[in-house]
1. What is the distance, in nm, between label points placed 7 Å from the Cα along the Cα-to-Cβ direction at N130 and at K207?
2. Charges only on Cβ, +1 for Lys and Arg, -1 for Asp and Glu: so what's the dipole of region 1-85 about the Cα centre, in debye to the nearest 20?
3. Return the subset of K292/K346; K174/K207; K209/K306; K174/K209 for which the Cα-Cα distance in this structure is over 19 Å, preserving the input order.
4. Top mean-square fluctuation among Y60, Y82, Y355, Gaussian network model of the chain, C-alpha springs under 10 Å?
5. For region 75-159, what is Rg from Cα atoms divided by 2.2 N^0.38 Å, rounded to two decimals?
6. State the volume of the convex hull built on the alpha-carbon positions of region 1-135, expressed per residue in Å³ and rounded to an integer.
7. All other residues with a Cβ under 13 Å from the Cβ of N70 taken together, and with Lys, Arg as +1 and Asp, Glu as -1, what is their net charge?
8. When all C-alpha to C-alpha distances in region 60-209 are sorted into bins of 5 Å, what percent of pairs does each bin hold, rounded to whole numbers?
Amino acid sequence: MNFDTVIDRKGTYCTQWDYVKDRFGKDGLLPFTISDMDFQAPKEIIEALIKRVNHGVFGYSRWNHEDFKNSIEFWYKSRFNYQIDKEWILYAPSVIYSVAKFIEMKSGKGDGVLIFTPAYDGFFKVIGDNDRKIISSPLIKNGNNYEVDFEDFEKKCKEAKIFLMCSPHNPVGKVWSREELKKIISICKKYNIFIISDEIHMDIVYKGKHTPILEVAGDYIESIAICTAASKTFNIPALGGAYILCTTNLDRDEYLRILKNKEALSSPSILGVIATIVAYNQCGYWVDGLLKYTKENIEYVREYLKENIPELTCDISDGCYFAWIDFSKLNISSESFQKALIDIGKVAIMPGVTYGEEGKNYLRLNIGCPREKVKDGLSRLKLAVESFKK
């Protein structure tokens, strides 16, 4: 795969390109927004989908079979050196759906759900619109790293029923160490907090190593669920489908009752199932190439800012294909900066305040795209910054 290849996504009902006006108020902006990528999926996935489409019959399908579960087992063993139990695997229409269902299962209306902030904006929505209380424990910026304020985290656990975490952490790209995960688990165990771990970014790691939280769960393993998918890694979210790793029969039975009987969503998109199987069985090499390319993109952003817009800074994150850009030295509001980016730069970059008050002096720039687009976006960013110097 040549990640430098530019592919026109306009006219494909694409959220990032075709519907940029929905969030930013204007058409025609160069978008670095929603966290999908501008890269084609691996050729093996495309070929498998063409073969299935050419079959021409698209009746109801199943996910609960050995091919699907074996591919997930293989991925965890080959990428993370972790042996899962295939009985843990459950299908979900999307990661955020599975998060919502476990929030429903493990808490009641009005109960607290604890998150680290800044946080993926979908967390605020799924907690609030399920009538739960959002409890925030802000991460602490320490040099180039983000750390947990464990004193604050433990204090907030006293008010919560669930801890909803993101691993690696969107938007700051934090990859949790085994020691950090163990400490988080020990505090949650002390207060009987159920842990939902959104690990959709698990394969996008540049520094350190992703540890599936169940690997270090010890005797608290039955109070933790992983919600994840192949979609973010292989750029296939529009095909649908995600999965859960849940270790208890009771929770699996309850979840399947909701999925099958209550909400009638147990028949998956066959294209999503096939894509996951092929991705995990055949496309590890593609992920290796993706990681090299996107890390170089972040390095390019950092060096460009240093040389051309020194008021802005960007650290190399542990993981996730985002550049988390600090513009605090400009001494301007997020609203003013967004106006300049849109009206002068003609560029759409996610304001960090989207992810909570702690992100108000940041931009989240999606660098999952060809270098040519990154260069264009940075030149537009420079125009916007220069408008404040006139």
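1. Inter-label distance under the simple model: 3.2 nm.
2. Values: 12 positive and 13 negative charges, 26 e Å.
Dipole size: approximately 120 debye.
3. On the way: K292/K346 29 Å; K174/K207 9 Å; K209/K306 28 Å; K174/K209 11 Å.
Exceeds cut-off: K292/K346; K209/K306.
4. Y60
5. Values: Rg = 15.8 Å, N = 85, 2.2 N^0.38 = 11.9 Å.
Cα Rg divided by the expected 2.2 N^0.38 Å: 1.33.
6. Working: hull volume 28.1 nm³, N = 135.
Given the Cα convex hull of region 1-135, per-residue volume reads 208 Å³.
7. Numbers: positive: K69, K77, K86; negative: E66, D67, E73, D85, E87.
Counting the neighbours of N70, the net charge comes to -2.
8. It works out to 2, 8, 17, 20, 20, 16, 11, 5, 1, 0, 0, in whole percents.
The values are calculated or read from the model by the stated rules, or taken from the named source; none is laboratory data. Just so you know, these numbers come straight off a predicted model, no measurement behind them. All Cβ positions, glycine included, derive from the backbone under ideal geometry; neighbour counts span all protein chains shown. Heads up: the accessible areas ignore ligands, DNA and RNA and are worked out on the full protein's heavy atoms, side chains in. Shrake-Rupley method; radii C 1.70, N 1.55, O 1.52, S 1.80 Å.
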